[in-house]
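For reference, the structure discussed in these notes is given below.
FYI, it's all coordinate maths here, none of it is from the lab. Bear in mind the structure is a predicted one, so any value in this text is a computation, not a measurement. Methodologically, a virtual Cβ is constructed for each residue, glycine included, from the backbone with ideal geometry; neighbour enumeration extends over all protein chains shown.
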Amino acid sequence: MVIDNKKRLAVFCSGTGSNFRALFYAIIERGLQAEIVLCLSNRSQCGAIEFAKEQKMETIHLSEKQFDSSGNYAGAMLKALQDHRIDFVLLCGYLRKVPDAVVAAYPERIVNIHPALLPQFGGEGMYGINVHRAVIDSGETVSGATVHMVNEEYDKGRIVMRRKVPVLKSDTPEILAARVLECEHTLYPDALEKLLDEHP
Ligand code: GRF
């Protein structure tokens, strides 16, 4: 009898989903005991949703606007995770706050990647190009990316793994963003592998 011990993963995305793709292929190439079974997005169409559909993966469009109360919105998100028997949620460029009720129901089970070295350059408003602009403006010579657990506060959960990249004198926020994103594509799979080792 073959026992399938694979962790069931959901990705939450709002955009391109390049980290989602990197995770998807790394799971296959590294033979990780995990499978992405659900792609949830607050947008009905985006690169991530397209990729999930190409892979014949289940997709869900879930936006606060579809609900008359934040409680019902959180309830629908919880139900989606429970219906799909999700073990871990991986946020991949998800530009919405995960409702507190969902975070409370999945303690140490929701993971995010942030394009800077937390605890610096995190918090509300610190997303996308804003982060890289702030790093360059501060004169830092090193930036990087951080994979961390999600708790009720923006970018404040336990750090799982960080990786550094240099900030060059000639960098624009866009050039730095591209260097950090490339680093994210190996950091996120490495961090996932670590989490899977911690939860055999
Ligand atoms: C990444 O820079 C990540 O750190 C941040 O959002 C961006 C997502 O990019 N949370 P992508 O959608 O995975 O390409």
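Each Cα pair under 8 Å and six or more residues apart adds its sequence gap; the mean of these over the residue count of the stretch 95-200 is a relative contact order of 27 percent. Between the helical axis of 70-83 and the longest alpha-carbon principal axis of the chain there is an angle of about 70 degrees.
A crude spin-label estimate for the pair Asp100 and His84, with each label 7 Å from Cα along the Cβ direction, gives 2.6 nm. Placing a pseudo-label 7 Å from each Cα along the Cα-to-Cβ vector at Lys56 and Glu182 gives an inter-label distance of 3.5 nm.
Computed from the Cβ-Cβ distance with R0 of 41 Å, the FRET efficiency linking Glu140 to Asp197 stands at 0.85. Applying both filters, DSSP loop and at most 15 other Cβ atoms within 10 Å, to the trypsin sites (Lys or Arg not before Pro) of the stretch 141-200 gives Lys156, Arg158, Lys169.
Axis of helix 18-30 versus longest Cα principal axis of the chain: the two differ by about 70°, to the nearest ten degrees. For the chain, the Kirkwood radius over C-alpha pairs fed into Stokes-Einstein at 25 °C and 0.890 mPa s yields D = 142 µm² per second.
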